[in-house]
């Protein structure tokens with residue numbers, strides 16, 4: 001059986017005197033452990049190549065990183081906004097649109113949940129400590145795999161099924177988060193002070209699941225529930241493969257042939 005191929009949105013960084021593009025190794029390790037084949041998608045391709053970049057992909061992971069430009073949700077930038085990357089925003093918004101059009105399963109992580117929410121019409125807190133102070137520390141000091149606060153999960157939701165739990169203590173490294181949830185999404189995970197930490201589409205929509213924490217950083221913990229998120233994505237991508245490669249492409253071939261007919 002062919003392993004599902006999962007597109008993973010990448011970043012551009014200057015390091016050791018050179019521009020480099022790629023992803024944190026934890027994403028690749030998590031997907032490989034779940035049985036997927038990661039395809040790193042660099043923002044240097046630009047939005048015009050986003051759809052082509054997904055050719056042959058069976059699923060998509062939208063990864064963590066920079067703050068989103070608040071102009072996408074008609075907000076003035078906060079003085080505490082970290083510098084956004086419009087290049088990355090444009091590429092990932094185009095990736096998301098193409099993946100949605102193709103009905104690929106999508107997993108959003110940290111920035112990923114924020115981008116998905118904004119792309120579907122939602123808004124963000126630009127800086128939680130100043131705009132929504134609360135009892136939960138969302139960017140604690142310490143290693144990236146430090147479990148720091150609890151998230152309660154909606155019973156029967158995709159995220160609860162994937163994690164095999166209705167409550168989980170997660171790692172956390174963010175200062176932005178969902179403010180107004182897009183109407184196409186369901187909130188299915190919250191901190192104890194009510195901040196949305198997981199969102200997904202309904203059962204009648206193509207599979208989409210997004211979380212605010214960093215499950216990929218738990219790749220080395222053999223019994224970590226977070227492995228279930230990547231396993232669920234890979235499973236969905238694999239189950240869709242026959243339809244995507246067979247029925248849909250056959251229909252597209254027929255449609256194109258009809259369009260070319262005199």
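The values are calculated or read from the model by the stated rules, or taken from the named source; none is laboratory data. This one's a predicted model, so the numbers in the text were calculated from it and none came from an experiment. So basically every Cβ, Gly included, is an ideal-geometry build from the backbone, and we count neighbours across all protein chains shown.
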Subset of segment 114-144 [surrounded by fewer than 17 Cβ atoms within 10 Å (Cβ to Cβ) and either touching a helix residue (DSSP H, G or I) at 6+ places or on another chain (Cβ under 6 Å) or free of Cβ contacts under 8 Å to residues at least 60 places away in the same chain (or both)]: 129, 130, 131, 133, 135, 137, 139, 140, 141, 142, 143, 144
Condition broken by residue 93, with the remaining ones in (1) farther than 20 Å from residue 237 by Cβ; (2) over 16 Å from the mean Cα position of the chain (by Cα); (3) outside any loop (DSSP other than H, G, I, E, B) satisfied: (2)
Tally, over segment 133-190, of residues that are assigned to a loop (DSSP other than H, G, I, E, B), within 25 Å of residue 223 (Cβ to Cβ) and at pLDDT 95 or above: 7
Residue within segment 65-78 that is surrounded by 15 or more Cβ atoms within 10 Å (Cβ to Cβ) and over 29 Å from residue 133 (Cα atoms) present: no
Test result for residue 174, in contact (Cβ under 8 Å) with a residue 60 or more places away in the chain and touching a strand residue (DSSP E or B) at 6+ places or on another chain (Cβ under 6 Å): no
